[in-house]
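The values are calculated or read from the model by the stated rules, or taken from the named source; none is laboratory data. The structure displayed is predicted, hence computed values, not measured ones. Ideal geometry is used to build each Cβ from the backbone, glycine not excepted, and the neighbour counts take in all protein chains shown.
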Amino acid sequence: MNDLCNSEFSRDIQLDIKLVSMVAPVYNEEVNVEELIQRCVAVGESLDSDYELILVDDGSKDHSAQLITEAANKHKGNLIGVLLNRNYGQHAAVMAGLAQSKGDVVVTLDADLQNPPEEIPKLLEKSSQGFDVVGSVRQHRQDTFFRRSASKVINRAVQKATGVMMSDYGCMLRAYHRSVVDAMLACHERSTFIPVLANSFARNTCEVPVAHADRSKDETKYSMMKLINLQFDLLTSMTTFPLRLLSVLGGLLALAGFAFSLLLLVTRFIYGADWAGEGVFTVFAILFIFIGVQLLAMGLLGEYIGRIYHDVRARPRYFVHKVVGCE
């Protein structure tokens, strides 16, 4: 696969990247943390720029926080641990890491090592050419057929809603320039889908192909319900299109119901009252369809109203219990 970059953007620009920040949210990843640190530090040492590795413990219930603390004391100055008081979710944890970062370019990645840290230099090369956001496209994905199919549907929906033709919004391995990070930190909505939010501030975007590893040591932390909640967050945080669609659908159903009522009235006069009486169950079936659509619309409206309620309260996305490893 070739790089997918803005064709009109000049690639001859070379920006000086003095500090690279790597941010990874960690939740119950004690089996992967040590290897993650080892590989990220090795990548950081190989760079021409200075680096910092920021690991955000998202309220882990295993020994992840302890391992991060020990590593931060060992690699003081290069490794920073941000310990949240409880679990807030992947994107809130990433935002906590972004707030702690100081790099000219910030690279986010998952702690499960499905995003190999060794791919980071590819993203930095594109960032040095002036691309505000550099995404990644997973090659030979090691996920289930259901996960891959769902990703295709969601990626297509995001492309239509945002107008930014990135093809893999589900991959956390991404690089952001400082200006984009600062713009995201200035946003205070609670439901945040970082790749979409970042693209709303980016002028020049790019994607590069990267490897994708299997979760050989443990299982994914995303259950079916968490995946559904994530899709709701994504849908309602980036567009109001579903509300418009419901308005159109409601109008079409109202016209269909009116037309059907006229049909029943006409057939009553033509075939008599007995025929009309025999269609009672059909009327009830159609009525149930209308009620179902109304309940669906009310549920979707409730999603938006609930997010308005959370944003109006203006409570913080997360609470940092402790920061370790800072000089």
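What residue, of Leu109, Leu47, is within 18 Å of Thr192 (Cβ to Cβ) and either crowded, with 21+ Cβ neighbours inside 10 Å or not basic (Lys, Arg) (or both)? Spell out how you get there, then give the answer.
Numbers: Leu47 fails: within 18 Å of Thr192 (Cβ to Cβ).
Checking each option against the conditions leaves just Leu109.
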Q) Looking at this structure, is Ser200 closer than 18 Å to Arg317 by Cβ, at pLDDT 70 or above and in contact with a Ser or Thr (Cβ under 8 Å, 6 or more places away or on another chain)? A) yes
**Q.** Residues located in the range 79-89, provided they are at pLDDT below 95 and either buried (at least 21 other Cβ atoms within 10 Å of the Cβ) or out of contact with any Asp or Glu (no Cβ under 9 Å at 6 or more places or on another chain) (or both)
**A.** Asn85, Tyr88, Gly89
